[in-house]
Structure formats: C-alpha cells, structure tokens
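The values are calculated or read from the model by the stated rules, or taken from the named source; none is laboratory data. In this text the structure is predicted, and so the values were computed from the model without any measurement. Every residue, glycine as well, gets a Cβ built from its backbone with ideal geometry; the counts of neighbours run over all protein chains shown.
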Amino acid sequence: MSISTSDKPYKERIIDAESDKFMRAAVAKAQDAQFIKRTASRRELGNWNEWRDLAEQIRQHVLKYLPDYLEEFADNVEQQGGHVFFAKDENEAHNFIKELAIAKKAKNIVKSKSMVTTEINLDKTLKSIPGVNLLESDLAEFILQEDNWDEPTHIVFPTLHKNRDQIQEEFQKLGYDGDNDPQHEARFVRGYLRRFFMKADFGITGCNFAIANNGMINLDTNEGNADITMAIPKTQVVVMGMERIVPSMKEAEVLDNMLARSAVGQKLTTYCTFTGKKKDGELDGPDDFWVVIVDDGRSKALGTEFEPILQCIRCGACMNVCPVYRQVGGKGYGSIYPGPLGEVLSPILGGYEHFKDLPYACSLCAACTETCPVKIPLQHLIREHRIVEMDDKHLDHSMTNLILKMVGVGTDSPFLFGSAMKMAHPGTKLFNEGGPNSVEPMYDGGKIDYVPKAVPKLIHGWIDTRDVPRPVKAKENFRHWYKHHQPVDAAPAVKKEEGQADE
Ligand code: SF4
C-alpha cells in the first residue's frame, strides 16, 4: 500500500463510508473520548499555548536547517558503527530494504507500526521475497495485516472501523478458539507475537524523532512492541521521513510531551525509548544498524507555502476534531494520511491529479488548526491547495466554478441580491423540515426521507443529510430593518432619578 489506499473515485468512497454505520459511530465515540482525555492532559501540563509556541519554533527551526541537522545525525550514526541510506522516493527506499534483507538472508522479519513504511509500500515488497515471513507486531496493524492488509482508518488508531467480532473472526484463522472479549483476544495475540519475536532475525521500526547531536532514535509506543523489535533481531532498520529530526534530547523531550498529550491524552506514552546500535558489552540490540531516511516528495514542500505541513509530528489530533472526518472516517479519503493532515499532505506526496478532491473535504472551520500541537495553519494550507488547483493546475472543478460564478454574479448585483434575499425565506421551505412546532416525531430520526422532485438533483447530496436553517422573512431581515431606521445624531439624554447627584 502506498500513500493511496483506494482506486475508487472519491464520490464512491464517500458513499461507502456514509453507509458504514458502525464505523461512523465508532469514530464519533473515539473523537468524543479523545476530546476529554486530550483536554485533561493539556490542562494538567498548564500553559498549553506557550508549549505550542515552543513546539512550533522547534519544528520551524529544524526545517530551516534541515540539511545541516540531517548531516549531523548521519555522521553521529556512522560514528557509532551504524549506516545511513538516503532514499529519494518510495522505490529507492523499499528496494534498498529488500536487497538488505536478501543480503542478510532474513527469514523472519518483524515490524512495528510506522506510517512511513506504509507510505513506501514496504510490507508487500518484503512479502514478495521467497521464503520470508513478515509480521506486523503492533496489535492494530497486525489485525489489518491478517485481514489481507485492510486499509487503516486513523494514523494512531488504525482499526477504529473494526468491532470485536470481526477481530475474533480474523484470529480464528490463526487458531484462536476463545470468545470476543478484547482481553482474551489480546492475550492470544501476545502469545502469538512472542513466539515470532523469539525467532525474528530482521527488525524494522519507524521513528518518532531522530536526535541530531547523538545519532539516537526516539520511539514512543504504548504496547512495547517497538522495543522488542529493537532488542531481539540482529539486523535493525529504522525508516524515517526526512523531517522527523530534532537538534538534541532537550527538543525531543518537548515534542514527546506534546505528542503523547495530543495523540492519546497521556503525559507520556508507556514506552518512550531512545536507542541505536548495540554498544560493546551490551546484551540486547542490533549488531547491524541501518537508518533509511526517506524524502518521497517531502522536499517539494520545502521553501513553499506548504512547508509548515512538514512540522507535523503525526499525533492525529486534527482528525479527532474534524467534523468531516467524523462523517466519512479514514477510508473516505483514500489516503493513508486522512483528515486535515491528509488533505494537505496527500496532494503534495501523491499528486493533485490523484488527490484533487481532498482539499474540498473541508468546511474550513479551523478546529484542526486550533488543536494542532505544533500550530500548523491547516485550514490556510487546505485553501492554498484549492487556489493551486484552480489557478495553476486548472483541474476540473467545473461544477464548483459554475456555482461560484453564479454566486459572484448574484452578489455583485444589488437587484439580484435583494431579490434573492426576498426569496430566501419561502425558497428554503423546500429544504427545511424542523423548527418550532415541527412534526419531527412523525419521521425516523426526526428527518423526512423524501426530497421533492422539483429540487435539482445537484443538491440532493447536501439536503439528504442535513437541514438548511430557514432565514427570517424578508420583512424581518437586517436589510429591511436598516432601510427603515435613520441614524441618530446623539444619544438621548438619560433621565435622572430623583435625588441623583450630578457626575
Ligand atoms: S497536522 Fe498537527 S494535529 Fe494533525 S497530525 Fe500533524 S501535528 Fe497532529
């Protein structure tokens, strides 16, 4: 799976997502639960906005000096006996790791969850090596792998769309004969993974942050699987996006704090590990240590208006507040990076032609920008994409263009605008079913499941799922009020109460 998760057209994906009631309920529940946890953990830290300012500065500073920090990091890894490979794209990255696995005669490869390895399609590449077993050791990724590499729904909670019965079914294929209790299912997987870990000879992890001044890798997990992946196999490959670098441990400490609080509402993740090549005399860790630093289109954003998206620390908080993500879940976006992050990043990494609809999957409400721990101006970047699509790429958004042109003509003419205002109240009767003394109880969920034939097909998609609030009558609107109220030159004198003293 590369960055694109689906060949289906955008509209079909949205229709599929909209009909998946379980997924939508699960996403809504997760968003609400995360809101409470995230708010509490940010409050507990105190001065959240000052921390955000600092985190933003750190990320901007790193991007400004990115080549220098990458060089410093690579030098430090090599000084400790490790190796660094710079991959310019997906093919270079997965081919290099595949050749390394073949050269090392790897038989059992264990991986821990990593977005960038999904981005470069690593799992399928490694599976194509004859005689190689590959196992994802993160519980959610393991479930997706067993379900024939099902698409993830979220960057932090990839299996939000699956219930306990579906998971039980997948595990039964591996010999599980227990019930659908999540604890029993998790215990079964623990045993299954442990057996594989003990014989793993090649380990692959991602990287939350790479420390430039000591060449170490920082990993934040809650399951501990990344730590075992680093400890047992003799050959270790860390795959990282080229922007995931910090100058020193001090900056990693700040960003770990922001990441854990924003991603899962914890002070820190259960395991916060700093690691690298095994040193002389140490028992655990890899003898052979490689870091693959992946560009894969990131450098296209450097020095452009889209550079701030490279500040991202992959916490997923923006999807946890997004009203569009709440309705369509991760699969609706067709990218491994869904939500506001994906709306900005996917067209950069995967191209406008493939992801041209994503910048329009946004109401520009700015909830994402407000929650982002590193202050990425997400809704501005989404709007920038729309401008590029319209003005530079001339992509086909003909219907949007037509509607905007009509709105432009209408709002430019006082006559047309005034007439539209007069028609607004009677006209929206077609789309509105609620209001005081409504007949809501007569319909399922309070919504009438019928759209008059007179309504153009074009707007069914909108009014099928929501009510349009009815504007006030023309005689009660602001324009009418303003026309009949003359400016008052001076405020009327206030009548003094009896016995009241002069000011
Ligand atoms: S854009 Fe901001 S909120 Fe969204 S995943 Fe990245 S850091 Fe988190």
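Brief remarks on what is shown
- D150 passes every criterion in (1) in a helix (DSSP H, G or I); (2) without any contact (Cβ under 8 Å) to a residue 40 or more places away in the chain; (3) touching a His at 6+ places or on another chain (Cβ under 9 Å); (4) charged (D, E, K, R) apart from (1).
- Options D138, D123; residue that is closer than 18 Å to V294 by Cβ and in contact with an Asp or Glu (Cβ under 9 Å, 6 or more places away or on another chain): D123
- Among the residues of segment 265-284, not a single one is outside any loop (DSSP other than H, G, I, E, B) and of a type in the set (G, A, S).
- Which listed residue is exposed (fewer than 13 other Cβ atoms within 10 Å of the Cβ) and over 17 Å from V238 (Cβ atoms), from D20, D16, D7: D7
- The single residue among V246, V321 that is of a type in the set (A, V, I, L, M, F, W, C), under 21 Å from T205 (Cα atoms) and either within 16 Å of the ligand (Cβ to nearest atom) or not assigned by TED's automatic domain parsing to the domain that holds N95 (or both) turns out to be V246.
- A count restricted to segment 366-398 and to residues that are of a type in the set (S, T, N, Q) and modelled with pLDDT under 95 stands at 1.
- Tally of residues being more than 8 Å from the ligand (Cβ to nearest atom), touching a residue at least 40 places away in the same chain (Cβ under 8 Å), crowded, with 24+ Cβ neighbours inside 10 Å and not polar (S, T, N, Q) across segment 329-346: 9
- Helices (runs of 4 or more DSSP H) wholly inside segment 1-105 containing at least 2 residues that are among the basic types (K, R): 10-19, 21-45, 48-64
- Residues that are within 13 Å of Y325 (Cβ to Cβ) and in contact with a helix residue (DSSP H, G or I) (Cβ under 9 Å, 6 or more places away or on another chain), drawn from segment 19-34: M23, R24, V27, A28, A30, Q31, Q34
- Of R59, R42, all but one fail to be among the charged types (D, E, K, R), in contact with a Cys (Cβ under 9 Å, 6 or more places away or on another chain) and in the same structural domain as V238 (by TED's automatic domain parsing); the exception is R59.
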